[in-house]
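The values are calculated or read from the model by the stated rules, or taken from the named source; none is laboratory data. Here the structure is a predicted model, which means the values were calculated and not measured. Quick reminder, even Gly has a Cβ in these numbers, built from the backbone with ideal geometry, and neighbours come from all protein chains shown.
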Amino acid sequence: MSTTILSFQNRVVIETLHNEGRSLRYIANYLGFSQTTIFNELHRLNSEYQAELAQTDFERKASQRGRKSSLTKNLKHLIEEKIQVQKWSPEQVAHVVGIAYKTVYNWIDQGWLDIQLPDLPDHGIRRHRAKEKRGTFNHGRSIEERPHKVETRQEFGHFEADTVLSGKRKGQAVATFVERKSRLTIVKRLHGRDSQSMTQAVLELASQLQDKLKTLTVDHGKEFANYQTIERRTGTQVYFA
């Protein structure tokens, strides 16, 4: 029997919907998982459910089961060095060290490597392009122009935005905003996948953070098409991966 592995973003959405008082069925349908999976996840901790604590618990138990036993400290350092410094792709690293490239992506997804998709040479686009069906555009400031201080994670206020789609509820989504230094994650419900909904979510984020939102890194999905409005109204520079 296969095992369902939830990502940290999945857990953030579960926490958000659970705190809104949504039912197991609603959350399961929203994310496209079984109600049993959601029930077990909500009862992972012997306390109020928190995505960050649940992710930590998952990684600890996975390590004890040997799921990441092949990721030694030396291998972790090697992969991070090749990708972040030498700008290798996960496929190149996997070929050299003799592992499946999907394993590298899985380690990134689960947070076992200190690497984010925008850190990759193609910013993760190669991995997801085959499944990407939403509209895109090619304007905006490239991630290559992002200040070095963003890469070093030494300053608070540099966020990466993403959209998590509902698994079964067509048109429904949430926006997740992850701060690079602290890993603070803020979730905003979207009224749709259009640029107006995302723009409103970013404006709410900027208001919530006051003057602490310094940069925002996004992809070229159509929901970010109003980036110029975001920059003008918040004073925040938007970069595209």
### Message
Here is a check on your reading of the model: is Arg65 over 18 Å from Thr176 (Cα atoms) and at pLDDT below 85?
### Response
yes
#### Entry: The one condition in (1) at pLDDT below 85; (2) among the aromatic types (Phe, Trp, Tyr); (3) part of a loop (DSSP other than H, G, I, E, B) that Phe156 fails to fulfil
(1)
### Query
Are any residues in region 215-241 basic (Lys, Arg) and either at pLDDT 95 or above or over 20 Å from the mean Cα position of the chain (by Cα) (or both), and if so, which ones?
Arg232, Arg233
### Task
Could you tell me whether region 178-186 includes any residue that is over 19 Å from the mean Cα position of the chain (by Cα) and more than 18 Å from Lys149 (Cβ to Cβ)?
no
### Message
Can you tell me how many residues within region 137-162 are surrounded by 14 or more Cβ atoms within 10 Å (Cβ to Cβ) and touching a Phe, Trp or Tyr at 6+ places or on another chain (Cβ under 9 Å)?
### Response
9
## Note on the structure
Checked Gln237, Gln210 against criteria (in contact with an Asp or Glu (Cβ under 9 Å, 6 or more places away or on another chain) and either surrounded by 19 or more Cβ atoms within 10 Å (Cβ to Cβ) or farther than 17 Å from Val174 by Cβ (or both)); the one match is Gln237
## Note on the structure
How many residues of region 18-61 are closer than 22 Å to Gln172 by Cα and either assigned by TED's automatic domain parsing to the domain that holds Val178 or assigned to a loop (DSSP other than H, G, I, E, B) (or both)? The answer is 7
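Residues are listed down the side, and each one gets a yes or a no for (1) surrounded by 16 or more Cβ atoms within 10 Å (Cβ to Cβ); (2) at pLDDT below 85:
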position	(1), (2)
Phe39	no, no
Glu48	no, no
Ala51	yes, no
Ala54	yes, no
Ser69	no, yes
Ile79	yes, no
His95	no, yes
### Query
For region 130-146, does any single residue satisfy the condition of being among the charged types (D, E, K, R), in contact with a helix residue (DSSP H, G or I) (Cβ under 7 Å, 6 or more places away or on another chain) and at pLDDT below 70?
yes
## Note on the structure
Note on Ala175: of the conditions (1) under 18 Å from Phe240 (Cα atoms); (2) in contact (Cβ under 8 Å) with a residue 60 or more places away in the chain, unmet is (2)
### Query
From Arg189, Arg232, which residue is assigned to a strand (DSSP E or B), surrounded by fewer than 18 Cβ atoms within 10 Å (Cβ to Cβ) and not hydrophobic (A, V, I, L, M, F, W, C)?
Arg189
